[in-house]
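The values are calculated or read from the model by the stated rules, or taken from the named source; none is laboratory data. Note that this is a predicted model, so its numbers are computed, not measured. Glycine gets a Cβ as well: all are built from the backbone with ideal geometry, and neighbour counts include every protein chain shown. Areas reflect the complete protein model, heavy atoms only, side chains present, ligands, DNA and RNA absent. Shrake-Rupley method; radii C 1.70, N 1.55, O 1.52, S 1.80 Å.
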Amino acid sequence: RKPRKVEGSAWPAWTLEWDLPADIDVATVLARHSQPRLLERLGENLPLQVIEHRGMFNMGQGVQECTKSSLLAALGGGGRNLTELDVCLTSDRVPIVSHDLNSWRISSMDDKLFSEIDSSHLKDVPVIIREVSNGEILEKYRRTPDCIPFLESALESVFSVNPDATVFLDGRNYEAHLIVAWLSHRSQFHLKIVLIFYTFGYLSSDAFVQAVVNANAAPGWRKMIALMPAVFPEELCRLCQL
């Protein structure tokens with residue numbers, strides 16, 4: 001990514017430039033390392049897969065991370081099929097797309113945890129990009145064309161333009177079981193979503209399964225939802241004792 005200065009902002013805008021051997025083109029690289037319908041091909045001996053992080057954001061051009069714009073920039077064209085997005089739940093357990101668990105950095109709302117905000121209060125809330133200086137995030141900001149995205153509409157938008165895409169959802173805190181249950185009732189997303197979750201939030205695999213069941217997951221959810229546990233080094237001793 002080649003940056004260029006943007007007047008009046010510390011955020012650079014960037015353009016993507018490829019530095020490839022003369023006998024390899026961009027389409028070949030993407031076809032190999034950004035596979036379509038990835039979950040249907042796990043039995044194959046696939047090469048390393050490259051996943052866009054929080055969509056393809058570009059602060060200098062007004063594209064905030066984890067928005068519909070960043071998601072469509074990543075998957076809406078150009079041969080890419082894989083991206084990661086962060087998800088968190090509102091107080092009424094509606095999933096939204098946001099890396100931050102609180103509202104301050106991406107909106108002009110009063111700063112609160114999203115888990116303390118009812119989803120009705122997040123409808124049509126503009127996403128902002130705050131300026132930075134010397135590593136500090138400032139009060140100064142500019143609005144973007146995006147609003148805080150609800151997960152369901154964001155996924156529907158991207159799969160409508162790229163039905164071959166796979167989205168890796170990063171579920172933090174003690175919310176993964178609730179997201180699994182939510183996904184299990186939406187067949188349009190099955191075999192298109194991988195849920196990354198953090199095992200330290202659950203005492204054991206049995207505890208995780210029971211939490212999903214208690215969250216009213218659809219019958220057969222284990223065959224519908226792809227899970228990717230993220231294990232931290234500090235957990236290895238505990239896992240060895242299970």
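Taking amide H atoms as placed 1.01 Å from N in the peptide plane, the amide H of Thr90 lies under 5 Å from those of Ile96, each 5 or more residues away in sequence or on another chain.
Across region 49-240, the mean sequence separation of Cα contacts (distance under 8 Å, 6 or more residues apart), normalised by length, yields a relative contact order of 18 percent.
For region 1-148, averaging the sequence separation of C-alpha pairs within contact (under 8 Å, six or more residues apart) and dividing by the residue count gives a relative contact order of 17 percent. Looking at the chain, which longest stretch skips every one of the GluC sites (Glu not before Pro) that is in a DSSP loop with at most 16 other Cβ atoms within 10 Å, leaving the sites themselves out? With GluC sites (Glu not before Pro) excluded where exposed in loops, the chain gives 45-242 as its longest stretch.
With the cut-off at 29 Å, report for region 49-240 the share of all Cα pairs above it, as a whole percent.
In whole percent, the long-distance tail amounts to 24.
Counted by Cβ distance under 11 Å from Phe197, the other residues give a net charge of -1, where Lys and Arg count +1 and Asp and Glu count -1. Relative to the current alpha-carbon distance between His190 and Arg37, full extension at 0.36 nm per residue lengthens the span by 54.0 nm. Residues His190, His185, His177, sorted by accessible area with the largest first, give His185, His190, His177 [1.4 Å probe; ligands and nucleic acids excluded].
Sort Asp19, Asp164 by accessible area with a 1.4 Å probe, largest first.
Numbers: Asp19 150, Asp164 50 Å².
Heavy-atom accessible area, descending, gives Asp19, Asp164.
Given labels modelled 7 Å from the Cα in the Cβ direction, how far is it in nm from Leu203 to Asn45? Label-label distance for Leu203 and Asn45, simple model: 4.4 nm.
Region 158-192 and region 74-91 have Cα centres lying 10 Å from one another.
Taking other residues whose beta carbon is less than 12 angstrom from the beta carbon of Val127, and scoring Lys, Arg as +1 and Asp, Glu as -1, yields +1.
Given a 1.4 Å probe and heavy atoms of the protein chains only, how would you sort Arg37, Arg130, Arg1, Arg186, largest accessible area at the top?
Working: Arg37 95, Arg130 15, Arg1 135, Arg186 55 Å².
The residues order as Arg1, Arg37, Arg186, Arg130, largest area first.
Report the charge-dipole magnitude of region 164-242 in Debye, nearest 20, computed about the Cα centre from +1 at each Lys and Arg Cβ and -1 at each Asp and Glu Cβ.
Values: 6 positive and 6 negative charges, 51 e Å.
Around 240 debye, computed over region 164-242.
Taking the charge dipole of the chain about its Cα centre, with +1 at Lys and Arg Cβ atoms and -1 at Asp and Glu Cβ atoms, the residue from Ser108, Val6, Leu236 reaching farthest to the positive side is Val6.
Other residues whose C-beta falls under 12 angstrom from the C-beta of Val94 contribute a net charge of -2, scoring Lys and Arg +1 and Asp and Glu -1. Per residue, the convex hull spanned by the alpha carbons of region 11-59 comes to 103 Å³. Shown for region 184-242 is the translational diffusion coefficient from the Stokes-Einstein equation, using the Kirkwood radius over Cα pairs, a temperature of 10 °C and a viscosity of 1.306 mPa s: 125 µm²/s. Extension gain for Lys140 to Val29 (0.36 nm times residue separation, less C-alpha to C-alpha distance): 36.0 nm.
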